[in-house]
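Here is the structure we will look at, set down as structure tokens.
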Amino acid sequence: MITGIGLDIVEMSRIRRLDIKSPKFRARILTDYEQTEYDQLTETRKIEFLAGRFAAKEAYSKAKGTGIGSECSFQDIEVRKDDKGKPTIYFRGTETGLVSITHSKEFAAAQVLLQTT
Ligand SMILES: CC(C)(COP(=O)(O)OP(=O)(O)OC[C@H]1O[C@@H](n2cnc3c(N)ncnc32)[C@H](O)[C@@H]1OP(=O)(O)O)[C@@H](O)C(=O)NCCC(=O)NCCS
């Protein structure tokens, strides 16, 4: 049964500006695991990656119904990819949702679906 859906879109220029301004922004959004992945990317891919994770986390918080806050922080949510590149979303270490991420030159967007078996 589907229990939640969430969708989010972000402007790449906004994420680029925040990321250039201070490393604190990505430290707030990305988990340690995600920051290790980010560090290995080219400059262009870094912004796509960060924007995609930001959108995925906001989309997850909408699917959950809490928004981002004390019940569900950016650090509580992690996106991990399998060996083919397919992402899965984890909440506090537990696999918890289906996620799809996309980016173009100007935007990144993500959709999250929560379901019970
Ligand atoms: C829910 C959240 C993710 C909304 O994000 P947003 O970027 O402000 O707004 P969006 O345009 O993406 O989404 C707005 C829609 O989310 C939906 N929404 C709001 N609260 C929601 C909730 N608790 N659950 C599900 N959906 C929710 C609403 O439908 C809203 O549209 P509406 O007011 O027209 O009905 C919110 O928790 C948030 O603003 N988080 C930002 C946290 C933050 O720290 N950002 C860092 C910036 S540096």
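Things worth noting here:
- Projected label distance in nm at SER100 and SER22, using a 7 Å step from Cα toward the beta-carbon: 3.6
- For the chain, the tally of Lys pairs with Cα-Cα distances below 26 Å comes to 27, considering only residues 8 or more apart or on different chains.
- Per residue value of the accessible surface for the chain (all protein chains in place, 1.4 Å probe), Å²: 60
- Simple Cβ-charge dipole of the chain, Lys/Arg +1 and Asp/Glu -1, about Cα centre, in debye nearest 20: 280
- Förster radius 35 Å - calculated FRET efficiency between SER13 and GLN115, Cβ distance, rounded to 0.05: 0.55
- Tail weight of P(r) past 18 Å, computed on alpha-carbon pairs of the chain, percent: 46
- Over the chain, relative contact order from alpha-carbon pairs under 8 Å, at least 6 apart, %: 38
- Using 0.36 nm per residue and subtracting the Cα-Cα separation, the extra length available between THR88 and TYR33 on full extension is 18.4 nm.
- For the chain, calculated [θ]222 nm from helices alone, where every DSSP H run of n ≥ 4 adds -39500 (n - 2.57): -12500 deg cm²/dmol
- Reducing region 95-113 and region 50-94 to their Cα centroids gives an inter-centroid distance of 10 Å.
The values are calculated or read from the model by the stated rules, or taken from the named source; none is laboratory data. What you see is a predicted model; the values in this text were computed from it and never measured. Don't worry about glycine lacking a Cβ; one is built from the backbone with ideal geometry, like all the others, and counts go over all protein chains shown. Please note that ligands, DNA and RNA were not included when accessible areas were found on the heavy atoms of the full protein model with its side chains. Shrake-Rupley method; radii C 1.70, N 1.55, O 1.52, S 1.80 Å.
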